[in-house]
Amino acid sequence: MTDDVTQMPVIDVDAHWTEPRDLWTSRAPARFRDRTLRVERNSDGVEQWIIEDGQVMGQVGYCSIRPDGSKSQASIAFDSFDEVHPGAIDVAPRLDYMDEHGLSMQIVYPNILGFAGNLVMRIEDTEHREFCCRAYNDAAAEMQAESHKRLFPQAMLPFWDVPAAVSELERCHEELGLTGFVITDCTDDWGLPPLNDRHWDPLWNVAQERGLPVNFHIGGGAAPTRLWGSYPPARMFATLSTMSQMGNMVCVANLIFSGLLDRFPSLKFVSVESGIGWLPFMLESLEYQFDENGVTDLDLRPREYFQRQIYGSYWFEKDPSYAIKELGEDNLMFETDFPHATCLYPNVKGQMVRSLENLEPRVQRKLLYENAARVYQLPLPN
């Protein structure tokens, strides 16, 4: 492999899919065909995702890149599919975009049902809800195959039913070839036990046995989002985006002190789209609190758990060297967040090079592709 960072392959560990308008309707059995996720225009001419008898799930796709390649800073979603960059939706233009920006592979996350698949819980009919997960996973597998294994969507599970979630994860891995899954860390919102409860052990067992990472994407869990009143949209989204990233601090702190990692010592967890600059502070605080409060009933210290099982990703941060120094070089990865409003665009390569140019080639390789290939069990890109 080259020592020139500008020529190194890149595995982008966080990108999103603006799901095609017919993803669910084209796969729905007769009993769901008129009720399932579909796109309709409202009275203002805005295309929206609708389900059941008119429940609005959101706009057509959380995307800020237009078909001409320009980036909007005025909104987090467009009003119609015609305004969305085709690479946000379809495989061929997505691969063209990746080639243009030097991206070898992407890990891909959902949009309309929540970045962690958590918004599927808005669907009251549990059978319909499970269909929506399965249909998404089927479409994700088709995307992965069409991309010739350059796009790796993460599975969405019927997490409200652990046996069904286990069965679907097995299907996604064995039959569909998917490489990991998303889940919310805020299960109590739906009256479900916390993730360290033994209720979830069958799911963690299957994931650990198969080496499948558990992805905690921001916006999919307990985000401490609270505004001081009403802000204009730009300020509101800027504030809430950062708060959502810090929501993963709540998730990782719970993960480390929950005892779950003692029971599943080789299960991998990824904090997605949350940045990495806060991780050294959090771990230093957890280490201090571990000692000052006399914690004696865990197998490892907080930093040791992190280095053994937890991974973070960054994109906008200009200099990851402090986080690398404090956390090590084996637990951090690079992402772009394409095609969201805060994605690294258009100067993807320039920002990536600036953030890594002062690091040793060994470290550059790990952050750009070696760590991701290990976590998601991918072949090393050429």
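Screening the candidates ALA323, ALA341 for the property of being assigned to a helix (DSSP H, G or I), of a type in the set (A, V, I, L, M) and more than 20 Å from SER258 (Cβ to Cβ) yields one hit, ALA323. Within the stretch 298-344, the set of residues being under 12 Å from GLU273 (Cα atoms), surrounded by fewer than 16 Cβ atoms within 10 Å (Cβ to Cβ) and free of Cβ contacts under 8 Å to residues at least 40 places away in the same chain is empty.
Report the residue count in the stretch 62-73 for those that are in a loop (DSSP other than H, G, I, E, B) and touching a residue at least 60 places away in the same chain (Cβ under 8 Å).
6
Looking only at residues that are hydrophobic (A, V, I, L, M, F, W, C) and within 18 Å of VAL108 (Cβ to Cβ) in the stretch 1-23, which one is farthest from the chain's Cα centre (by Cα)? Only one residue tops the list, namely LEU23.
A quick yes/no check of all residues on (1) surrounded by 12 or more Cβ atoms within 10 Å (Cβ to Cβ); (2) under 21 Å from the mean Cα position of the chain (by Cα); (3) not in a strand (DSSP E or B):
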residue	(1), (2), (3)
ARG35	yes, no, yes
ASP44	no, no, yes
GLN48	yes, no, no
ALA77	yes, yes, yes
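Quick grid of which residues meet (1) at pLDDT 95 or above; (2) surrounded by fewer than 23 Cβ atoms within 10 Å (Cβ to Cβ); (3) under 24 Å from MET57 (Cα atoms):
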{"position": "MET121", "(1), (2), (3)": "no, yes, yes"}
{"position": "GLU127", "(1), (2), (3)": "yes, yes, yes"}
{"position": "ARG134", "(1), (2), (3)": "yes, yes, yes"}
{"position": "LYS149", "(1), (2), (3)": "no, yes, no"}
{"position": "GLU174", "(1), (2), (3)": "yes, yes, no"}
{"position": "THR179", "(1), (2), (3)": "yes, yes, no"}
{"position": "PRO194", "(1), (2), (3)": "yes, yes, no"}
{"position": "ARG210", "(1), (2), (3)": "yes, yes, no"}
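Go through the residues of the stretch 350-358 one by one and say whether even a single one is basic (Lys, Arg) and more than 21 Å from the chain's Cα centre (by Cα). Checked against the condition, which is being basic (Lys, Arg) and more than 21 Å from the chain's Cα centre (by Cα), the stretch 350-358 yields at least one hit. Put simply, of LEU261, LEU227 the only residue that is in a helix (DSSP H, G or I) and out of contact with any strand residue (DSSP E or B) (no Cβ under 7 Å at 6 or more places or on another chain) is LEU261.
The values are calculated or read from the model by the stated rules, or taken from the named source; none is laboratory data. In this text, all values refer to a predicted model and were calculated from it rather than measured experimentally. As a convention, Cβ positions derive from the backbone with ideal geometry for all residues, glycine included, and neighbour counts pool all protein chains shown.
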